[in-house]
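Some notes on the structure that comes next.
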Amino acid sequence: MIICHCQTITDRDVHAAIDWMRASDRTTLITPGKVYKALGKSADCGGCMPLFLATMRSNPNLEVPMELRNLRCGSTQEKRECKATVKLSTI
C-alpha cells in the first residue's frame, strides 16, 4: 500500500527500514525522521504522517528497547533530584 504519494513510500518500505534499523542497532530510538532518512527521502507535505505513524506503530520492532525504558527522572536507581523538580520547588 502507498503510504506517501509525494515520495512514493510504501508500507513495505517503512517496515523494511524499521527492521533494518533495529537489526543494525538494537538500542536505537526509531523516529519518522530516521525512517525517511534510511529510505533516502524526506517528508514533503506531511499529509501522509497519520498513515506513516500508524504503519510504524504496527511494526513489532518499533518498541523501545528494555534498557532504554524508564529513564525519566525518578525512575532510575540513582537518588538524585530531577532538574525539573528542583526548578519547580524554588519558584
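Points worth noting:
- Among the residues of region 1-37, the ones that are crowded, with 17+ Cβ neighbours inside 10 Å and either in a helix (DSSP H, G or I) or of a type in the set (Gly, Ala, Ser) (or both) come to 10 in all.
- Yes/no for Thr90 being at pLDDT below 95, loosely packed, with under 11 Cβ neighbours inside 10 Å and in contact with a helix residue (DSSP H, G or I) (Cβ under 8 Å, 6 or more places away or on another chain): no
- Residue, least open to solvent (accessible area, probe 1.4 Å), within region 55-71, restricted to residues that are assigned to a helix (DSSP H, G or I), over 13 Å from Arg12 (Cα atoms) and not basic (Lys, Arg): Leu62
- Residue check for Thr8: under 28 Å from Arg69 (Cβ atoms) and either modelled with pLDDT under 95 or among the aromatic types (Phe, Trp, Tyr) (or both): no
- Which listed residue is at pLDDT below 95 and either of a type outside the set (A, V, I, L, M, F, W, C) or open to solvent by 50 Å² or more (accessible area, probe 1.4 Å) (or both), from Gly40, Gly74: Gly74
The values are calculated or read from the model by the stated rules, or taken from the named source; none is laboratory data. Just so it is clear, the structure is predicted and the values come from calculations on it, not from any experiment. Every residue, glycine among them, receives a Cβ derived from its backbone with ideal geometry; neighbour counts consider all protein chains shown. The protein model used for the area step is the full one, side chains on, heavy atoms only, and it has no ligands, DNA or RNA in it. Shrake-Rupley method; radii C 1.70, N 1.55, O 1.52, S 1.80 Å.
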